[in-house]
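The values are calculated or read from the model by the stated rules, or taken from the named source; none is laboratory data. For clarity, every value in this text was computed on a predicted model and none was experimentally measured. Glycine also receives a Cβ, built like all others from the backbone with ideal geometry; neighbour counts cover every protein chain displayed.
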Amino acid sequence: MGFEFYAEHSLSKWPEYHSVLHELRDEHGNQMLTIHMNVDPLRFSPGVLKRMQREFAALRQCTDATIFAIEDFPDDDKWERYVSHMGFEFSSRVECTDGQSRRCFVSKKKNNEHDKHSDLPADDPAVGGAAALPSAGVRAGID
């Protein structure tokens with residue numbers, strides 16, 4: 001059994017965009033967070049992007065958890081540029097429930113004391129390795 005939906009946490013809601021975290025858990029209680037940032041393309045602007053970056057930076061100050069984002073459409077370069085503005089980096093490809101392979105990006109808090117002293121291997125699900133990814137079609141991106 002893999003990760004299943006546990007809770008949704010609303011982060012921000014503006015006319016230009018809204019974002020939520022989906023908390024997933026497995027049968028052992030391990031947690032995985034995926035972010036969904038839905039943007040109204042007609043209202044998007046450089047100022048909106050800056051607000052989104054500030055809000056995401058504030059979130060990263062509040063949690064050490066690894067946050068995952070999976071593209072809506074395979075190999076979407078525009079989406080990759082968008083999530084890279086938030087500090088997400090490519091992690092791996094995942095097979096989604098619709099049968100398509102999509103890229104997964106991760107955001108890890110930088111300079112974390114816990115990471116410096118952890119004896120968990122980098123691919124351990126508890127620290128956000130590829131094994132932590134569900135095989136479900138978890139969505140994140142620009143609508």
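Yes or no, residue by residue, for (1) farther than 24 Å from Thr97 by Cβ; (2) of a type in the set (A, V, I, L, M, F, W, C):
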site	(1), (2)
Ser10	yes, no
Asp26	no, no
Ile35	no, yes
Asp40	yes, no
Ser45	yes, no
Val48	yes, yes
Phe56	yes, yes
Asp64	yes, no
Q: Could you please give the count of residues in segment 13-30 that are of a type outside the set (A, V, I, L, M, F, W, C) and surrounded by 13 or more Cβ atoms within 10 Å (Cβ to Cβ)?
A: 9
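Does Ser10 fit the bill of being exposed (fewer than 11 other Cβ atoms within 10 Å of the Cβ) and among the hydroxyl-bearing types (Ser, Thr, Tyr)?
Values: exposed (fewer than 11 other Cβ atoms within 10 Å of the Cβ): yes; among the hydroxyl-bearing types (Ser, Thr, Tyr): yes.
So Ser10 passes the test.
For every residue, the table says whether it meets (1) more than 19 Å from Leu11 (Cβ to Cβ); (2) under 15 Å from the mean Cα position of the chain (by Cα); (3) at pLDDT 90 or above.
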residue	(1), (2), (3)
Glu55	no, yes, yes
Arg81	yes, yes, yes
His85	no, yes, yes
Glu89	yes, yes, yes
Ser92	yes, yes, yes
Arg103	yes, yes, yes
Leu120	yes, no, no
Ala132	yes, yes, no
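Return yes when Phe44 is of a type in the set (Phe, Trp, Tyr) and in a strand (DSSP E or B) and no when it is not. Explain how you work it out, then say what you get.
Working: of a type in the set (Phe, Trp, Tyr): yes; in a strand (DSSP E or B): no.
The answer is no for Phe44.
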(Q) Six or more apart or on different chains, Cβ atoms under 7 Å: show the pairs whose first residue is in segment 1-13 and at positive phi and whose second is modelled with pLDDT of 95 or more. (A) none
